[in-house]
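Heads up, the thing below is written out as C-alpha cells.
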Amino acid sequence: MTPSPPASQRQIFGTLVFALAALCLLIYVAGAGRLAYDVVVISTASNLLVKILILGLVFVFGLGLGVLSQRRFDNPGFLSFARVYTWVYLALTWVTCLGVTLQVNGQRYSVLQIATSSRRSRSRSTWPATSPCSS
C-alpha cells in the first residue's frame, strides 16, 4: 500500500481528479446525446461502432476517476455530482427512447400529442360490450 500524500497535495489531487472525472462524464453525456441525435433524427450511422467504443472508454475512465476521487481523496462532491449526472442521463435516455419510438412509428407527432393520445386510449375500452359466446 502506498503512503497517502500530504494534506495540501491531497486536496489539490482530489480536486483535479474530481474535475477530470466530471469532465469525462460530461463529455460522455454530450457525445451520447450527439450520437442519439445523429442516429434518430438525421439517420446517420457512419462509424457507429467506433463512436460507441470511444464513448464507452470515456465513460469507464470518468467513472473510475470519480470513484477514485471519492474513495481515495474523500471528495464528497462526487456523490452530489453523481446524483445530478444520473438524472441528466435518465432524461437523455427518455428523450432518446421517445425519439426512437416516433421514428419507428413513422409519425411526426409532438410530445404533447403523444401524451394526450395515450391518456385517451387508456380511458376507452377496447373490449367488446358483449361476449362472442352469448349469441
Original post:
Between Leu48 and Ile12, what length in nm is gained on full extension when 0.36 nm per residue of separation is reduced by their alpha carbon distance?
Top reply: 9.2 nm
Subject >> Projected label distance in nm at Ala19 and Leu63, using a 7 Å step from Cα toward the beta-carbon >> reply: 2.5
**OP:** Report the extension gain between Arg34 and Leu79 in nm, rounded to one decimal, defined as 0.36 nm multiplied by the number of residues separating them, less their alpha carbon distance.
**Re:** 13.6 nm
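Tell me the net charge near Leu26. Cut-off is 15 Å between Cβ atoms, Leu26 excluded, with +1 for each Lys or Arg and -1 for each Asp or Glu. Let's see the in-between values first.
Details: positive: Arg34, Arg83; negative: none.
Here the count lands on +2.
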Original post:
With labels modelled as points extended 7 Å from the Cα through the Cβ direction, what inter-label distance (nm, one decimal) is found for Val104 paired with Tyr89?
Top reply: 2.3
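Each value in this text was obtained by applying a stated rule to the coordinates, not by laboratory testing. Quick caveat: nothing in here was measured; it's all calculated off a predicted structure. We place every Cβ from the backbone using ideal geometry, glycine too, and count neighbours over all the protein chains shown.
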